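A short write-up of the structure that comes next.
A short reminder: the numbers here are calculations on the coordinates, not readings from a lab. These numbers come from a predicted model, not from an experiment. Because the Cβ atoms are built from the backbone with ideal geometry, glycine has one as well, and the counts that use them run over all protein chains shown.
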Amino acid sequence: QLTPSSFLRIGQLSNVDLNEDIHELETEVPRQRPNEIPHNEKLLSLKYESLDYDNSENQLFLEEERRINHAAFRTVEIKRWVICAMIGILTGLVACFIDIVVENLAGLKYRVVKDNIDKFTAKGGLSFSLLLWATLNASVVMVGSLIVAFIEPVAAGSGIPQIKCYLNGVKIPHVVRLKTLVIKVCGVILSVVGGLAVGKEGPMIHSGSVIAAGISQGRSTSLKRDFKIFEYFRRDTEKRDFVSAGAAAGVSAAFGAPVGGVLFSLEEGASFWNQFLTWRIFFASMISTFTLNSVLSVYHGNAWDLSSPGLINFGRFDSEKMGYTIQEIPIFIFMGVVGGILGALFNALNYWLTMFRIRYIHRPCLQVVEAMLVAAVTATVGFVMIYCSRDCQPIQGSSVAYPLQLFCADGEYNSMATAFFNTPEKSVVNLFHDPPGSYNPMTLGMFTLMYFFLACWTYGLTVSAGVFIPSLLIGAAWGRLFGISLSYLTKGSIWADPGKYALMGAAAQLGGIVRMTLSLTVIMMEATGNVTYGFPIMLVLMTAKIVGDYFVEGLYDMHIQLQSVPFLHWEAPVTSHSLTAREVMSTPVTCLRRIERVGTVVDILSDTSSNHNGFPVVESNPDSTQVAGLRGLILRSQLIVLLKHKVFVERANLSLVQRRLKLKDFRDAYPRFPPIQSIHVSQDERECMIDLSEFMNPSPYTVPQEASLPRVFKLFRALGLRHLVVVDNRNEVVGMVTRKDLARYRLGKEGLEELSLAQT
């Protein structure tokens, strides 16, 4: 194992709270960047903080709650519903914006390239068309990658791993900022228009979450504006609940699947769940899909026809034409196995690629170059495949958006071009619904192979992009191929409709890559608008998950692990009963006395080696030698507000303090509490005393030191805690359990393994 000190302190990392917009405080390390960053996946990073999901029930909080009468509680509840409606409406509008812009820009690009190809097919010199296509792609992707790499790196990828971490209780810097939303939306438009093998569905989930966090706080730090509304919701508890509603609204706008959205945020996200929250989340999802539907219907010119509930529309699957029989169930299960194996292969390849990227491609300029390279290669591969394909289909009765003739006879089009020369969403729908015989098996086989590697190479680039649609496309292609071969084997019997197998293949491939079960089944059912397929889809997804989990983890969990995030799963590792709280906890604990010297507090907070965020408060009796019993818990953020407002005992006695601190003072400082370095405390003030009684949480959760790890874990995970104090039988503090202490233990190949902690 590498020790944390052997890790290079890269660039200018410092122990300043990473959310702060402070640059002058960063430790001046000479800016030589290593060519290789040593990265070890058996590490947990210490740079991630937890969210305070648990309310601090100090005297101020209790007084405020007692002041609020029944009517005021009702207005708070009404405000919650209003916020959920606003989340739904705005998420729907953002989805419309992305959809309309992508449609127009991509349409423009494909028309230009198509005219060019048609012109040069007649007189020779098709290499110009290839150059045009590749240059267009690379330049669009360059812009999309530049804004992500240089302005907001958190906006890279689909954003689902980051939102999973946020809902799990990990504070990822900048993840729910307005700036991130703007970059995300622009980035995803540019990367889809740039012809990369990506979808615009995954980023919708991140966008919904940012919208939710922004609205519920009623202010924006990126805009430096405070709208003075919804001040009651300025704490992690409320914010995290709204973010789970935003994630659900994003799913439902992307797939037109409101129930799927609710189940997604249940399955992937929220650790703390209640009935009211479920109902509000469902409300937000419904509003979001309805908004998208109405706006797009008006845009397409038929205002009364609400036919586009989501960004991707699989089209209707009719049960009459495409029913399934009982003897097909084993075939579906077999497809699930294939999907699981292919998904595991995809994840394993992407794992090695991501490790390589973390080690060598860590400079923004290199990341932009790589994205441009992938864009150009994607265009080239597509062009060569279309050029070499001799699969011609009659143009009558087919619904191809941009038919390319190339070397086909008049009145025919190249069917490889329907797959490559189109946005991925359209290609998926074509594979589902084109009549039997529209594709040559050779075409489908080559397309699957190429697109598999392209999609794998694209995921993890520094662009905003989702992996949902490419996975569906790969699966639909091999599923259709599977269906065609079945109908060859069975001499074209009626039940082997290739469209149905394309749907099952798509489900199997997506399930094999992301390993979601419950929410994905419902999303696929809602997107196809057909309940009869629920059972086979569920079987396919379960099989794909079981088979895939045998080899590697799901894609999102893998990326969370590669980022070294202290992520807590649903349960403690199975074999961990032998460990007790005494072995897990961090010691020694920095305790504060109930009435403490200001100097001591400042020194403890300024100490960068122990960057603690919660301090147990003990009874202050200076005469006796033993450590006194636990009285409460106080957070770093609360102490900083106290020092900033100079709430000292002496000043109160001299009546220098204008008013008592209210909860509002703590809320106004949230979420970016100033760092201790920016607070000036004079030498005389260091000698003052500070009374923590009314600000500390007098009833923190504690466990005895004999408690087993699963028990500690259950308490910690279910209540969304940040600090859990370990006490002995005399109620004296012996240790503290935080997220990192629990996330360290993981089931590896040889049983229980313990990860080491690193600063970077």
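Under a model in which nothing but the beta-carbon of Lys, Arg (+1) and Asp, Glu (-1) is charged, the chain shows a dipole of about 740 debye around its Cα centre. Computed 3J(HN,Hα) for region 447-454, one whole-Hz value per residue from the Karplus formula 6.51 cos²θ - 1.76 cosθ + 1.60 where θ = phi - 60°, is 4, 4, 4, 5, 5, 4, 6, 4, glycine and proline marked x. Partnerless cysteines in the chain, where a partner means another cysteine C-beta under 4.7 angstrom, comprise Cys84, Cys96, Cys165, Cys186, Cys365, Cys388, Cys456, Cys591, Cys688. Subtracting the Cα-Cα distance of Asn731 and Asp118 from their residue separation scaled by 0.36 nm leaves 212.4 nm. The modelled label-to-label distance for the pair Glu553/Phe150, using points 7 Å beyond Cα in the direction of Cβ, is 3.4 nm. Rounded to the nearest whole Hz, the Karplus-based 3J(HN,Hα) values (6.51 cos²θ - 1.76 cosθ + 1.60, θ = phi - 60°) of region 106-117 follow the sequence 5, x, 4, 4, 5, 5, 4, 5, 5, 4, 4, 5, with x at glycine and proline. Dipole orientation for the chain: of the candidates Gly218, Val112, Val400, Val112 has the Cα lying most toward the positive pole (charges on Cβ; Lys, Arg +1; Asp, Glu -1). For the residue pairs Lys164/Lys646; Lys239/Lys545; Lys47/Lys200; Lys545/Lys714; Lys109/Lys500, alpha carbon separations beyond 27 Å are given by Lys164/Lys646; Lys239/Lys545; Lys47/Lys200; Lys109/Lys500.
The peptide list 121-133, 336-348, 692-704, 634-646, put in order of mean Cβ contacts within 10 Å with the highest first, becomes 336-348, 634-646, 692-704, 121-133.
Converting phi to 3J(HN,Hα) with the Karplus coefficients 6.51, -1.76 and 1.60 and the offset θ = phi - 60°, region 242-255 yields 5, 5, 5, 5, x, 4, 5, 5, x, 4, 6, 6, 6, 10 Hz in sequence order, with x at every glycine or proline. Taken over the alpha carbons of region 548-618 as equal point scatterers, the Debye sum produces base-10 log I(q)/I(0) values at 0.17, 0.19, 0.22 Å⁻¹ of -0.88, -0.95, -1.06.
Please figure out what share of the DSSP beta bridges in the chain is antiparallel and state it in percent, rounded to the nearest 5.
Of all bridge pairs located within the chain, approximately 75 percent are antiparallel.
One Cα centroid belongs to region 221-236, the other to region 415-486; the line between them spans 44 Å. Measuring r between the beta carbons of Tyr387 and His680 and using R0 = 56 Å, the FRET efficiency lands at 0.20. From the Kirkwood radius over Cα pairs of region 305-378, Stokes-Einstein at 10 °C and 1.306 mPa s returns a whole-number translational diffusion coefficient of 93 µm²/s. Close amide H partners of Arg631, meaning residues 5 or more places away or on another chain with modelled amide H under 5 Å apart, are Val617, Val618, Glu619. A simple charge model with +1 on the Cβ of Lys and Arg, -1 on the Cβ of Asp and Glu and nothing else charged puts the dipole of region 581-754 at about 840 debye relative to its Cα centre. Estimated at 0.36 nm per residue, the fully extended path between Thr517 and Met442 surpasses their Cα-Cα distance by 23.8 nm. Protection proxy ranking for 555-568, 579-592, 417-430, 744-757, using the average of other Cβ atoms within 10 Å per residue and placing the highest first: 417-430, 555-568, 579-592, 744-757. Projecting the Cα positions of Met538, Leu654, Ala344 onto the charge dipole of the chain (unit charges on Cβ atoms of Lys, Arg, Asp and Glu, taken about the Cα centre) puts Leu654 furthest along the positive direction. The H on the amide N of Glu49, modeled in the peptide plane, is under 5 Å from the matching H of Lys171, each at least 5 residues off or on a different chain. Each semi-axis of the equivalent ellipsoid for region 581-754 is √(5λ) with λ an eigenvalue of the Cα gyration tensor; in descending order they amount to 32, 18, 14 Å. Direction-averaged projected area, Cα convex hull, region 268-427: 17.0 nm², rounded to one decimal. Across all Cα atoms of region 513-567, the radius of gyration (one decimal) and Dmax (whole number) stand at 13.4, 42 Å. If the chain linking Ile326 and Leu131 were pulled fully straight, counting 0.36 nm for each residue of separation and taking away their Cα-Cα distance, it would gain 65.1 nm.
Approximating the spin labels as points 7 Å out from Cα along Cα→Cβ, the His569-to-Ala72 distance works out to 4.5 nm. Under 5 Å between amide hydrogens, built in the peptide plane, is the criterion, and for Arg219 it picks out Phe227 among residues at least 5 positions away or on other chains. Rule-of-thumb check for region 82-147: C-alpha Rg over 2.2 N^0.38 Å? Output field value: 1.67. Each Lys and Arg Cβ is given +1 and each Asp and Glu Cβ -1; about its Cα centre, region 673-755 then shows a dipole of about 680 debye. Please work out the ratio of the alpha-carbon Rg of the chain to 2.2 N^0.38 Å and round it to two decimals. It is 1.04. Using only alpha-carbon positions in region 231-282, the gyration tensor eigenvalues give semi-axes of 19, 11, 9 Å once each is multiplied by 5 and square-rooted (largest first). Could you tell me which residue out of Val102, Trp478, Pro704 lies farthest along the dipole of the chain toward its positive end? Charges go on the beta carbon: Lys and Arg +1, Asp and Glu -1, centred on the Cα centre. Of the candidates, Val102 comes out farthest on the positive side.
Summary of the geometry: region 101-142 and region 508-524, compared by the centres of their Cα atoms, lie 35 Å apart. Cα centroids of region 272-320 and region 576-620: 49 Å apart.
Packing here is the average count of other Cβ atoms within 10 Å per residue, and on that basis the peptides 204-210, 730-736, highest first, run 204-210, 730-736.
Determine the calculated [θ] at 222 nm for the chain from helices alone, applying -39500 (n - 2.57) to every DSSP H run no shorter than 4 residues and normalising by the residue count; nearest 500 deg cm²/dmol. If you can, show how the numbers build up before the last one.
Details: 27 runs with 402 residues, N = 760.
So the calculated ellipticity at 222 nm is -17500 deg cm²/dmol.
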